[in-house]
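Taking it in order: structure first as structure tokens, then the write-up.
Every number in this text was worked out from the coordinates using simple rules, so none of it is lab data. All of these numbers come straight from a predicted model, not from anything done at the bench. Neighbour counts are summed over all protein chains in view; Cβ atoms, including those assigned to glycine, are modelled from backbone coordinates with ideal geometry.
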Amino acid sequence: MTEASRSRRTLVLVDARALSPRVRSLELRTRDGSPVVYEAGQWVNLYPLHEGTPIRRSYSIARAPDPAVADRIEIAVTRVLGGPASEALHALPIGAEIEMDGPFGVFTRTEAQRAAPAIFVGTGTGVTPLRAMIQDEARRGGDGPPLVLLFGCRTEDDLLYRAEWEALAARWPRFRFIPTLSRPSESWTGLRGHVTVWYEPIAAELAGAHVYAAGLSRMVDEIRRISKERLGWDRKRIHTERYD
Ligand SMILES: Cc1cc2nc3c(=O)[nH]c(=O)nc-3n(C[C@H](O)[C@H](O)[C@H](O)COP(=O)(O)OP(=O)(O)OC[C@H]3O[C@@H](n4cnc5c(N)ncnc54)[C@H](O)[C@@H]3O)c2cc1C
């Protein structure tokens, strides 16, 4: 942990947009212009105000480090009904200030892991640290082992960054985007059901792969169990981030 990550800094909300009916993307800049130094996959603590008191909650940084916007981070927040922090972050106006510390976390990729195939498994905003990791790989570019994103949501409207995933898969043969919906419309032609239904057959095709799973514990724990018990993977190949 560096000195900068231990101390609190003030961020300013400079941009925001709805990614889906329940998810708001927030672009935050350091007030003093200092860079936020992080690795793809890490998270920060934010301190939104609830009834005048700051409350601490963690949020994954949703994009790869980019020197062009070194003083900024992007996050995506799911609105939890009655959730004090997520509701405050959904209501935060442009120009408002918020405290942050971090970045923290070991949900990141080493050079050795980069040399192996990867399956990224996310549900809801659990896809955001995976987006940072995949963008990081895309920026490095070129050939390499396959990268597969298995992304689970309820409906088409909940498929965060859908156009981006589809464009990346179309131009970069290394990358495959596999969405699965638990409550799709009738016209949906993709996979149906939870990520835990599809994970085993897809992962079994990826010899020597590492898995990166992020989201709520119920899904993450099941992915860990399938990887160990059904696929026989060593725990060193299983990387997880739990949101609850
Ligand atoms: C390492 C880490 C990274 C995280 N990154 C993100 C992120 O990038 N985006 C994000 O929206 N949240 C993220 N979270 C969750 C976040 O910290 C808060 O728990 C969430 O915003 C709810 O806070 P609240 O005060 O609104 O609700 P609370 O009253 O604290 O309710 C918490 C409950 O909300 C549910 N919940 C928490 N997160 C989610 C979610 N993303 N989707 C659906 N239900 C949820 C869980 O059941 C949890 O028990 C992360 C958590 C951790 C530990």
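Among Leu81, Leu89, Leu11, which one moves the most in a GNM of the chain with springs linking Cα atoms closer than 10 Å?
In this elastic network of the chain, the residue with the biggest mean-square fluctuation among Leu81, Leu89, Leu11 is Leu81.
Return a whole-number percent for the relative contact order of the chain, with Cα pairs under 8 Å and 6 or more residues apart as the contact set.
Relative contact order comes out at 18 percent.
Tell me, what ³J(HN,Hα) does each residue in region 196-201 have, in order and in whole Hz, if you take phi through Karplus 6.51 cos²θ - 1.76 cosθ + 1.60 with θ = phi - 60° and put x for Gly and Pro?
Using θ = phi - 60°, the values come out as 5, 6, 9, 4, 4, x Hz.
What are the ³J(HN,Hα) couplings of region 224-229, residue after residue, when phi is run through the Karplus curve with 6.51, -1.76, 1.60 and θ = phi - 60°? Round to Hz, x for glycine and proline.
4, 4, 4, 4, 6, 7
Could you give me the ³J(HN,Hα) list for region 97-109, computed from phi with Karplus coefficients 6.51, -1.76, 1.60 and θ = phi - 60°, whole Hz, x at Gly and Pro?
Running phi through 6.51 cos²θ - 1.76 cosθ + 1.60 with θ = phi - 60° gives 9, 8, 7, 9, 10, x, x, 9, x, 10, 7, 9, 10 Hz.
May I ask for the longest run of the chain untouched by trypsin sites (Lys or Arg not before Pro) that are loop-located per DSSP and have at most 13 neighbouring C-beta atoms (other than their own) within 10 Å?
So the longest stretch without any such site is 57-244.
Normalised by the number of residues in region 3-104, what is the relative contact order in percent for Cα pairs under 8 Å and 6+ residues apart?
Relative CO of region 3-104 lands at 39 percent.
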